[in-house]
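Each value in this text was obtained by applying a stated rule to the coordinates, not by laboratory testing. Small disclaimer: the values here were computed from a predicted structure and weren't measured. We place every Cβ from the backbone using ideal geometry, glycine too, and count neighbours over all the protein chains shown.
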Amino acid sequence: MRTNPPLPLPVKRALSKLGEDIRAARLRRRITATLMAERAFITRTTLGKMEKGDPGVSLGIYATVLFILGLTSRLEELADVKNDALGLHLEDERLPKRIRRMGSRKEAK
């Protein structure tokens with residue numbers, strides 16, 4: 001039996017919320033669990049695990065279900081560079097303080 005490494009609590013909560021949100025979106029669209037599983041080419045058991053936020057469910061399955069629900073664009077935005085405030089801040093800190101002109105230097109004789 002394969003065991004998953006322990007997850008940080010914020011990750012567990014995020015996966016749980018994602019699963020709940022996916023389930024709510026499925027129900028709002030009046031898609032049964034059986035039909036969703038068929039459309040995603042997964043079992044109802046896997047769908048149930050995903051809707052509970054099981055970290056063992058592959059990202060590909062989450063992505064497929066989001067596609068079926070019409071929410072793929074949200075997936076595309078997850079790690080978009082323009083939403084990475086910390087990364088952009090760190091990059092700005094590494095910018096040079098001044099830029100020297102490139103070209104030939106005149107040597108003093």
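What chymotrypsin sites (Phe, Trp or Tyr not before Pro) in region 1-87 are in a loop by DSSP, with at most 13 other Cβ atoms within 10 Å of the Cβ?
Here the chymotrypsin sites (Phe, Trp or Tyr not before Pro) that fit, given the DSSP loop and packing criteria, are 41.
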Query raised in the report: Mind checking the angle between helix 59-68 and the chain's longest principal axis? C-alpha axes, 0 to 90 degrees, to the nearest 10.
Result: 70 degrees
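Among the listed pairs 17/52; 17/82; 12/52, which are separated by more than 18 Å between their Cα atoms?
Details: 17/52 8 Å; 17/82 24 Å; 12/52 10 Å.
Checking Cα-Cα distances, 17/82 exceed 18 Å.
Is region 1-46 rounded, prolate or oblate when judged by the Cα gyration tensor, a ≥ b ≥ c being the square roots of its eigenvalues, rounded requiring a/c under 1.5 and prolate requiring a/b larger than b/c? Mind dumping the intermediate values first?
Details: a/c = 4.49, a/b = 1.52, b/c = 2.96.
Here region 1-46 falls in the oblate category.
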Query raised in the report: Among residues other than residue 86 whose Cβ falls under 15 Å from its Cβ, what is the net charge (Lys/Arg +1, Asp/Glu -1)?
Result: -3
Report summary line: With -39,500 (n - 2.57) per DSSP H segment of 4 or more residues and division by the full residue count of the chain, the 222 nm estimate, nearest 500 deg cm²/dmol, is -16000 deg cm²/dmol
Report summary line: Along the dipole axis of region 9-93 (charges at Cβ: +1 for Lys and Arg, -1 for Asp and Glu; origin at the Cα centre), the most positive-end residue among 32, 66, 85 is 32
